[in-house]
Every structure is written in C-alpha cells, then in structure tokens.
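**Q** Just passing along the structure, written as structure tokens.
The values are calculated or read from the model by the stated rules, or taken from the named source; none is laboratory data. Since the model is a prediction, treat every value here as computed from it, not as a measurement. In this analysis, Cβ positions are derived from the backbone assuming ideal geometry, glycine residues included, and neighbour counts consider all displayed protein chains.
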Amino acid sequence: MSRSIAADTLGLKMLQALKALPVPRDTANIIDMPEERVLKEGDPAPEIRLQDDEGKQFELSKLRGKNVVLYFYPKANTSGCTVESKEFSGSAPQFAKYNAVIVGVSPDKVDAQCKFKSKYKFPFSLLADADHKTAEEYGVWKQKSMYGHKYMGIERSTFLIGADGKIRKVFSKVKPAGHAAEVLDALSSNQSK
C-alpha cells in the first residue's frame, strides 16, 4: 500500500472514530448556539411573550407608554438574585414616580417564580423563561464558567426601555448590590433630557 493511501485510510478511520464519540452536552450547546445578539441603546426592545409568576401571559408591548426596567437574573431564590430583587422592590415607589414598571426574568419555571415573589412580596412581575429564548433574544444567555466547568446561563443584565419601546440603556455584567440605585439614576437622568 502506498504511503499516501495508508495516510488517507488512517485519517478516515480516525475521523470515523471521532464522530462515534459522544459530545459533551456543554460542547454541543456551544456548537448549536445561535449567533450572539447584542442590543444597544436606540434599538427596539424585542417583544416578550412569557408566563408570569401567576401563570398569566405577559406581553412587553402592552407596557408601551411606560418606561420598563427589564432585569435578567440567573436563578430565583439565590443570594445575589435575592439582593438584586429586594433592592428593586424597595425602590419600586421611586421607579413609579418616573412612570416605570419593573419586570424580572430568569430561566426558572412559573412555580419557582411564584415562590420567590411570594416569599419576598415583590410588587412586580417575574417572568419564567424556562427555554431561555427571551434571554437569547436579548443577548444575555452566555457561556459561563465555575470551578473550570463551562455551562450556559444568564449574564446578569438590565435593560432600561423607554415609553416608545426603544432601549435607553443597557447594563451588562451587573453586581446585585447597589444596582437598583444605578438604574434609578439612569432613569432620572434620562427623563431630564
């Protein structure tokens, strides 16, 4: 057998062996991951149609005419998400002065959102994005890493959406503590323009 034929045969056998190996789930998610979307100020906010914490249908477009604080958090009832949500809750009266509605979104199911809301008595809707399609639309479903393990999840982010349905400000990779005050400052300065 000539040397090039042997190399081709060996290469083909290696390729077939590699194809037969199982692909780790996180690698498969990365391979099949849709192109990353980046929303910026001035872009129209993508429509959202999800179930809220009561199992009712929520549609973002029904809030047209109001400012919307749309915050994405990784998981209900975890320490960072609780801090962030409680701060938004405590600041809700100040946000209302600017005709703003607060809406939280995570990949949790409706029952988890319901428990989280009732435990802390949040005065705003929490949306269940269990299939993370809305997070993908908003460009916040990202590869993350913890202790060397890579996985897909929410990058904590907030979108300040104007009454006209356009994004006024994007807050990416936010820290939970103090974030509500940061968004409130942005909302008040945006109103004075």
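**Q** If you go through the range 82-97 one residue at a time, how many are surrounded by fewer than 20 Cβ atoms within 10 Å (Cβ to Cβ) and of a type in the set (D, E)?
**A** 1
**Q** For the condition under 20 Å from S91 (Cα atoms), out of contact with any helix residue (DSSP H, G or I) (no Cβ under 6 Å at 6 or more places or on another chain) and among the charged types (D, E, K, R), what is the one hit in K117, K144, K133?
**A** Exactly one residue qualifies, and that residue is K117.
**Q** Still on this structure, I have one more. With E87, E47 as the choices, which residue is in contact with a His (Cβ under 8 Å, 6 or more places away or on another chain), at pLDDT 95 or above and not aromatic (F, W, Y)?
**A** One residue alone meets the criteria, E87.
**Q** How many residues does the range 139-193 contain that are outside any helix (DSSP H, G or I), under 24 Å from K86 (Cα atoms) and of a type in the set (G, A, S)?
**A** 6
**Q** Taking only pairs six or more apart or across chains, which ones have beta-carbon atoms under 7 Å, a first residue in the range 25-51 that is surrounded by 12 or more Cβ atoms within 10 Å (Cβ to Cβ), and a second residue that is assigned to a loop (DSSP other than H, G, I, E, B) and modelled with pLDDT of 75 or more?
**A** R37/G139; L39/Y138; L39/G139; A45/G165; P46/Y138; L50/D129
**Q** If you go through the range 94-114 one residue at a time, how many are without any contact (Cβ under 8 Å) to a residue 12 or more places away in the chain and not charged (D, E, K, R)?
**A** 1
**Q** Next question, about the same structure. Return the only residue of Y120, Y147 being free of Cβ contacts under 8 Å to residues at least 24 places away in the same chain and out of contact with any strand residue (DSSP E or B) (no Cβ under 8 Å at 6 or more places or on another chain).
**A** Y147
**Q** Sticking with this one: Of all residues being surrounded by fewer than 20 Cβ atoms within 10 Å (Cβ to Cβ) and touching a helix residue (DSSP H, G or I) at 6+ places or on another chain (Cβ under 7 Å) in the range 67-81, which is farthest from Y138 (Cα to Cα)? Just the residue, please.
**A** This residue is N77.
**Q** Inside the range 98-135, can you point out the residues that are of a type in the set (D, E, K, R) and either surrounded by 19 or more Cβ atoms within 10 Å (Cβ to Cβ) or at positive phi (or both)?
**A** Passing the criteria: D108, K117, K121, D129.
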